[in-house]
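**Student:** Pasting a structure here, questions to come.
FYI, it's all coordinate maths here, none of it is from the lab. Just so we're clear, the structure is a prediction, and the values are computed from it rather than from any experiment. Methodologically, a virtual Cβ is constructed for each residue, glycine included, from the backbone with ideal geometry; neighbour enumeration extends over all protein chains shown.
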Amino acid sequence: MNFDEMNIDPKILRGIEDMGFEEATLIQAKAIPAMLKGQDIIGQAQTGTGKTASFGIPLIQMADPSIKKTQAIILSPTRELAIQVADELRKLAKYMHGIKVLPVYGGQEITKQIRSLKGGTQIIVGTPGRIMDHLRRRTIKTEFVKTIVLDEADEMLNMGFIDDIKTILEYVPKNRQTVLFSATMPKQILDITKKFQNNAKHIKIVKKELTVPNIEQYYYDVKRYDKTEILTRLLDYYNPKLSLVFCNTKRMVDEITGELKGRGYFAEGLHGDMKQSSRDRVMKNFREGKAEILVATDVAARGIDVDDVEAVFNYDIPQDDEYYVHRIGRTGRAGRGGKAFNFVRGREVYKLKEIQRYCKTKILARQVPSAEDIEKIRAQKVLEKLAPIIEEENLSKPLSDLEEYINITDYTAMDIAAAFLRLAVEGDKASQIGEYDFSNTGAQEGMVRLFINIGRRQGVWPADILGAIAGETKIPGKLVGAIDIYDKYTFVEVPREYAADVLRAMSDVKIKGKSINIEPANKK
Ligand code: ADP
Ligand code: MG
């Protein structure tokens with residue numbers, strides 16, 4: 001079942017669309033309709049399967065924007081998770097005006113939180129200790145609370161929050177909906193569900209046994225903004241005939257395809273929003289090797305059966321272990337060798353560990369090839385092209401030119417050959433680098449952050465920046481993102497697909513009568 005078959009408010013569907021989710025995950029397909037019916041739920045599914053949206057979507061839908069009181073409380077084990085969950089809910093609620101979501105956690109000044117809470121927040125996400133604190137102070141009141149969610153219940157248990165949780169559950173009205181999500185179900189959690197839930201519906205997503213094809217699998221610990229750089233290094237280093245790059249969202253597919261094209265790679269994107277005719281065209285190009293890199297979502301890649309895929313890149317770690325197996329199974333076909341590369345960041349390593357355990361396979365940590373390694377490979381590629389030229393072509397003219405040059409300089413033939421090799425390698429590199437590098441601007445997903453060398457001292461206001469961009473380019477002002485003005489410079493975010501246009505159009509524009517310099521920001 002997909003999102004549009006679940007009676008979800010069209011305004012939330014728009015939020016989901018913006019996030020680029022292509023298909024509901026299994027837990028979402030089961031939990032969302034049940035939660036919307038008001039049922040108590042025990043949702044059990046492994047990490048990364050989208051449990052946040054499973055409860056987030058129904059909570060947003062069930063919240064009444066005209067009532068400025070707490071209507072849902074989500075308990076979360078850590079401050080980071082509370083913030084993350086609040087962020088995800090805000091994105092989902094982007095078009096639901098009047099719905100406010102606030103994270104509260106220890107370590108943050110309580111008076112500040114109390115002030116924010118006075119603004120009339122319907123959905124609160126917090127760590128148990130801090131929520132309890134607010135309940136005691138009556139700065140969070142429970143009269144209007146319809147739903148309480150225990151997110152990552154097993155984690156909260158591990159962190160010793162069990163008594164706090166019980167206390168909180170005693171506080172909220174008895175006729176509430178109680179929802180619990182957890183990756184595992186230890187006995188103590190089942191005790192909570194017995195005591196505090198009513199006829200809870202147990203939704204458990206079980207994993208199938210799977211066998212992993214015998215191919216080399218590696219992972220690299222990389223930051224989001226370095227992923228594309230590392231992807232291109234690996235592509236240069238291994239030079240696979242055809243490659244598949246997997247992303248978890250449609251937006252990511254578009255973004256990465258753009259980044260790769262910008263750097264001169266033959267890449268094409270494939271996702272469910274595309275018309276059948278364009279999908280067919282992309283697949284044809286890929287099969288014929290006109291596109292060497294196919295960037296795709298899991299759904300779009302379903303059924304792709306191409307023999308020459310020599311590398312699979314998991315740009316995003318898959319939502320589901322099963323997807324992992326499907327993804328990497330696209331390489332190493334027909335007895336050919338294949339490689340799978342995974343990009344993980346921080347905590348995501350645990351997700352990979354889980355995949356390894358479950359799939360009984362080995363994914364080895366690897367160092368990213370250095371610039372030197374790559375230079376060496378490029379030099380080899382150039383050198384490989386020389387033998388046929390020496391063997392088959394008439395070189396008497398360049399030979400006599402070189403002789404003349406050697407006679408008038410002190411250089412040896414080796415010196416000259418080395419210089420040519422350097423030139424050739426650099427030429428090769430230059431042809432692969434696009435006009436602009438947007439890989440590390442520190443912008444939000446889908447956006448590019450641009451640096452402009454004027455700021456408050458020059459009397460610049462956001463409206464000046466907005467006006468200049470909207471005036472010089474065709475991009476509507478509302479698509480321009482955050483504008484941060486500092487004393488001497490300004491940052492502005494624009495959608496990825498317009499960034500190059502904005503840079504070109506703005507290069508000889510004046511703001512406040514001053515010529516400006518504009519370039520991609522560099523987040524390092
Ligand atoms: P869990 O709580 O199950 O560990 P999360 O809710 O944190 O998982 O989701 C993991 C990631 O997957 C998040 O980045 C989230 O935005 C993303 N995600 C959730 N649902 C979908 C979906 N239907 N399609 C694509 N990505 C999704
Ligand atoms: Mg979660």
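**Student:** Would you work out if the range 77-146 is rounded, prolate or oblate? Take a ≥ b ≥ c from the square roots of the eigenvalues of the alpha-carbon gyration tensor; rounded if a/c is under 1.5, else prolate when a/b is larger than b/c, oblate otherwise.
**Tutor:** Working: a/c = 1.76, a/b = 1.25, b/c = 1.41.
Since a/c reaches 1.5 but b/c is at least a/b, the shape of the range 77-146 is classed as oblate.
**Student:** Let me ask something additional. Using the structure shown, select from Lys261/Lys523; Lys69/Lys174; Lys69/Lys204 the pairs with a Cα to Cα distance greater than 25 angstrom. Each step should come with its number before you reach the end.
**Tutor:** Details: Lys261/Lys523 22 Å; Lys69/Lys174 18 Å; Lys69/Lys204 33 Å.
In this structure, Lys69/Lys204 exceed 25 Å between Cα atoms.
**Student:** Restricting attention to the range 269-357, which GluC sites (Glu not before Pro) occupy a DSSP loop and are surrounded by at most 14 other Cβ atoms within 10 Å?
**Tutor:** Values: sites: Glu288, Glu292, Glu310, Glu322, Glu348, Glu354; in loops: Glu288, Glu292.
Answer by residue number: Glu288.
**Student:** Using θ = phi - 60° and the Karplus curve 6.51 cos²θ - 1.76 cosθ + 1.60, what whole-Hz ³J(HN,Hα) does each residue of the range 21-29 get, with Gly and Pro shown as x?
**Tutor:** 5, 9, 8, 5, 6, 4, 5, 5, 4
**Student:** How much length is gained on full extension from Asp9 to Arg457, taking 0.36 nm per residue of separation minus their Cα-Cα distance? Provide the component values of the computation, followed by the final result.
**Tutor:** On the way: separation 448, 0.36 × 448 = 161.28 nm, distance 4.61 nm.
Length difference between fully extended and current span is 156.7 nm.
**Student:** Right, next: Tell me the mean residue ellipticity at 222 nm calculated for the chain from its helices only (DSSP H runs of n ≥ 4, each -39500 (n - 2.57), averaged over every residue, nearest 500). If you can, show how the numbers build up before the last one.
**Tutor:** Values: 21 runs with 229 residues, N = 524.
Mean residue ellipticity, 222 nm, calculated: -13000 deg cm²/dmol.
**Student:** Sticking with this structure for a sec: If I fit a long axis through the Cα atoms of helix 79-92 and take the longest principal axis of the Cα atoms of the chain, what angle between them do I get, 0 to 90°, rounded to 10?
**Tutor:** In the chain, helix 79-92 runs at an angle near 80 degrees to the longest axis.
**Student:** Taking +1 at the Cβ of each Lys and Arg and -1 at the Cβ of each Asp and Glu, which of Ile131, Leu395, Leu270 sits farthest along the dipole of the chain towards its positive end, judged by Cα position relative to the Cα centre?
**Tutor:** Ile131
**Student:** In nm, give the distance between the simple-model label positions of Asp415 and Val206, each being 7 Å from the Cα along the Cα-to-Cβ direction.
**Tutor:** 7.6
**Student:** Taking the Cα centre as origin and putting +1 on Lys and Arg beta-carbons and -1 on Asp and Glu beta-carbons, what dipole magnitude results for the range 382-524, to the nearest 20 debye? List each step's numbers first, then the result.
**Tutor:** Working: 17 positive and 23 negative charges, 294 e Å.
Magnitude of the dipole: close to 1420 debye.
**Student:** Turning to a different aspect of this structure: For the range 298-457, with only Lys/Arg (+1) and Asp/Glu (-1) charged at the beta-carbon, what is the dipole magnitude about the Cα centre, in debye rounded to 20? Don't skip to the answer; put the middle values down first.
**Tutor:** Values: 24 positive and 28 negative charges, 269 e Å.
In debye, rounded to 20, the range 298-457 gives about 1300.
**Student:** Would you calculate the volume per residue, in Å³, of the smallest convex hull containing every Cα atom of the chain?
**Tutor:** Details: hull volume 107.6 nm³, N = 524.
Looking at the chain, the number lands at 205 Å³ per residue.
**Student:** Can you tell me which of 469-481, 413-425, 112-124 comes out highest on packing, and rank the rest after it, using the mean Cβ neighbours within 10 Å?
**Tutor:** Details: 469-481: 14.8, 413-425: 13.2, 112-124: 17.1.
Packing order, densest peptide first, comes out as 112-124, 469-481, 413-425.
**Student:** If you don't mind, there's one more thing I want to ask. Let a ≥ b ≥ c be the square roots of the eigenvalues of the Cα gyration tensor of the range 279-389; is it rounded (a/c under 1.5), or, if not, prolate (a/b larger than b/c) or oblate? Intermediate values should be presented prior to the final figure.
**Tutor:** On the way: a/c = 2.20, a/b = 1.29, b/c = 1.71.
Because a/c hits 1.5 or more and a/b fails to exceed b/c, the range 279-389 counts as oblate.
**Student:** Amide H of Val448: which non-local residues (sequence gap of 5 or more, or other chain) have their own amide H closer than 5 Å, using H built in the peptide plane?
**Tutor:** Answer set, sorted by chain and number: Val494, Arg496.
**Student:** Can I ask one more? Roughly what angle does helix 413-432 make with the longest principal axis of the chain, taking Cα atoms, 0 to 90 degrees, to the nearest 10?
**Tutor:** Roughly 40 degrees between the two axes.
**Student:** On full extension of the chain, what length is gained from Lys37 through Glu375, given 0.36 nm per residue of separation minus the C-alpha to C-alpha distance? Spell out each step's value before the answer.
**Tutor:** Values: separation 338, 0.36 × 338 = 121.68 nm, distance 6.01 nm.
Between Lys37 and Glu375, full extension yields an extra 115.7 nm.
**Student:** If you don't mind, another one. Computed over the Cα atoms, what is the radius of gyration of the range 58-111 divided by 2.2 N^0.38 Å, N being its residue count? Write down the numbers at each step before the final one.
**Tutor:** Details: Rg = 11.7 Å, N = 54, 2.2 N^0.38 = 10.0 Å.
It is 1.17.
**Student:** Oh, and also: Which residue, Phe246, Ile374, Gly56, has the largest displacement toward the positive end of the dipole of the chain when charges sit on each Cβ (Lys, Arg +1; Asp, Glu -1)?
**Tutor:** Sorting the options by dipole projection puts first Gly56.
**Student:** Also, quick follow-up: Over the range 1-141, what lengths in whole Å, largest first, do the semi-axes of the equivalent ellipsoid take, defined as the square roots of 5 times the eigenvalues of the alpha-carbon gyration tensor? Please list the in-between numbers first.
**Tutor:** Numbers: eigenvalues 134, 53, 35 Å².
Ellipsoid semi-axes (Å, largest first): 26, 16, 13.
**Student:** Over the Cα atoms, compute the radius of gyration (one decimal) and Dmax (the largest Cα-Cα distance, rounded to a whole number) for the range 16-81, in Å.
**Tutor:** Answer for the range 16-81, Rg first and Dmax second: 12.8, 36 Å.
**Student:** Could you tell me what percent of the DSSP beta bridges with both partners in the chain are antiparallel, to the nearest 5? Don't skip to the answer; put the middle values down first.
**Tutor:** Details: 14 of 63 bridges.
Within the chain, antiparallel bridges account for around 20 percent of the total.
**Student:** Ranking request for peptides 164-175, 249-260, 230-241: highest mean number of other beta-carbon atoms within 10 Å first, then the rest in descending order. Write out the running numbers ahead of the final one.
**Tutor:** Values: 164-175: 15.4, 249-260: 22.4, 230-241: 18.8.
So the order, starting with the most tightly packed, is 249-260, 230-241, 164-175.
**Student:** If you fit an axis through the alpha-carbon atoms of helix 496-506 and take the longest principal axis of the Cα set of the chain, what angle between them do you get, 0 to 90°, nearest 10?
**Tutor:** The answer is roughly 60 degrees.
**Student:** Let me spell out the model: positive unit charges on the Cβ of Lys and Arg, negative unit charges on the Cβ of Asp and Glu, origin at the Cα centre of the chain. What dipole size does that give, in debye rounded to 20? Don't skip to the end; give the middle numbers.
**Tutor:** Details: 80 positive and 74 negative charges, 618 e Å.
Dipole about the Cα centre, nearest 20: 2960 debye.
**Student:** Classify the range 239-294 as rounded, prolate or oblate from the Cα gyration tensor: take a ≥ b ≥ c as the square roots of its eigenvalues, call it rounded if a/c is under 1.5, otherwise prolate when a/b beats b/c and oblate if not.
**Tutor:** Numbers: a/c = 1.74, a/b = 1.09, b/c = 1.59.
Oblate, because a/c is 1.5 or more while a/b does not exceed b/c.
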